[in-house]
Amino acid sequence: METVWLTGAEWLAVLRIGLGLWWLESWRHKDKKGWFERGTGIAWAADVAGKHKWPVVKNGFEKVVQPRPRAMAYIVVYAELALGLGLIVGFLTPIALVGGLLLNLIYLVLMIHDWAEQGQNAMMALISFVALFAMSWQTWSLDSAIGFF
């Protein structure tokens, strides 16, 4: 594939790294003390899920997240960190891309009423999908350097 400046595989790596930086920024700007000590993130999500127009979202939240708010706060926050780092360095990239795609789809469904959030999560999901099926870990990645995937 011929492109300006970089090869097609290098552009895909740029896309993957950019998505990783996006996840890292999502992790960086979170108030971790609020999430872990005061439960603000899960309390906010509970409020959103409780008012959701799809009953399956409210029921799913009540069964999966609400019984274990502290554990879920750690899972969400550190999943974003792991996704960011994994995508930036290209380590276990397909797993990170699938995990990010699933997390974005969960966020997308939870925030169905918020168009600003919808745009961000839809874009991140689309980038994950493209990066996954175009095998963006073939260039500039630890996966490529050590022969994974």
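The values are calculated or read from the model by the stated rules, or taken from the named source; none is laboratory data. Worth saying up front: this structure is predicted, and the values here are computed from it rather than measured. Positions of Cβ are generated from backbone atoms using ideal geometry, with glycine treated the same way; all protein chains shown enter the neighbour counts. All accessible areas refer to the heavy atoms of the entire protein, side chains included, with ligands and DNA or RNA removed. Shrake-Rupley method; radii C 1.70, N 1.55, O 1.52, S 1.80 Å.
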Segment Trp115-Thr7, extension gain: residue separation times 0.36 nm, minus the distance between their alpha carbons:
35.4 nm
Could you compute how much accessible surface Ile106 exposes when probed at 1.4 Å, giving the result in Å² to the nearest 10?
110
Among Trp23, Trp11, Trp115, which one moves the most in a GNM of the chain with springs linking Cα atoms closer than 10 Å?
Trp115
Dividing the helical contributions, -39500 (n - 2.57) per DSSP H run of n ≥ 4, by the residues of the chain yields a 222 nm value, nearest 500 deg cm²/dmol, of -22000 deg cm²/dmol
Using alpha carbons only, how many angstrom separate the centre of the range 80-149 from the centre of the range 45-70?
24
Over the alpha carbons of the range 91-149, what is the largest minus smallest coordinate on each principal axis, giving the biggest first in Å?
43, 14, 14
Using a 1.4 Å probe over the heavy atoms of the protein chains, calculate the carbon and sulfur portion of the accessible area of the range 7-114 as a whole percent.
71
The chain: Rg to Rh, with Rh as the Kirkwood radius over Cα pairs
1.03
Sorted list, accessible surface of protein heavy atoms, 1.4 Å probe, largest first, for Phe61, Phe133 is Phe133, Phe61
For the range 17-33, Karplus-derived ³J(HN,Hα) couplings (6.51, -1.76, 1.60; θ = phi - 60°; whole Hz; x for glycine and proline) come out as 5, x, 5, x, 5, 5, 5, 4, 5, 4, 5, 4, 7, 6, 7, 4, 4
Whole-Hz ³J(HN,Hα) from phi, Karplus 6.51 cos²θ - 1.76 cosθ + 1.60, for the range 100-110, glycine and proline x
x, 4, 5, 5, 5, 5, 5, 4, 4, 5, 4
Which whole-Hz ³J(HN,Hα) couplings does the range 2-11 yield from phi under the Karplus relation 6.51 cos²θ - 1.76 cosθ + 1.60, θ = phi - 60°, glycine and proline marked x?
9, 9, 7, 6, 10, 6, x, 5, 5, 5
Please calculate the 1.4 Å probe accessible area of Asp114, with all protein chains present, and give it to the nearest 10 Å².
50
Once the in-chain neighbours fewer than 8 apart are removed, the lysines whose Cα is under 24 Å from Lys53 read Lys63
Probe 1.4 Å, accessible area per residue of the chain, Å²:
58
Using only the Cα atoms of the range 5-72, what semi-axes does the equivalent ellipsoid have when each is the square root of 5 times a gyration tensor eigenvalue? Give whole Å, largest first.
34, 17, 9
To the nearest 20 Debye, how big is the dipole of the range 1-147 about its Cα centre, given +1 on the beta carbon of each Lys and Arg and -1 on that of each Asp and Glu?
640
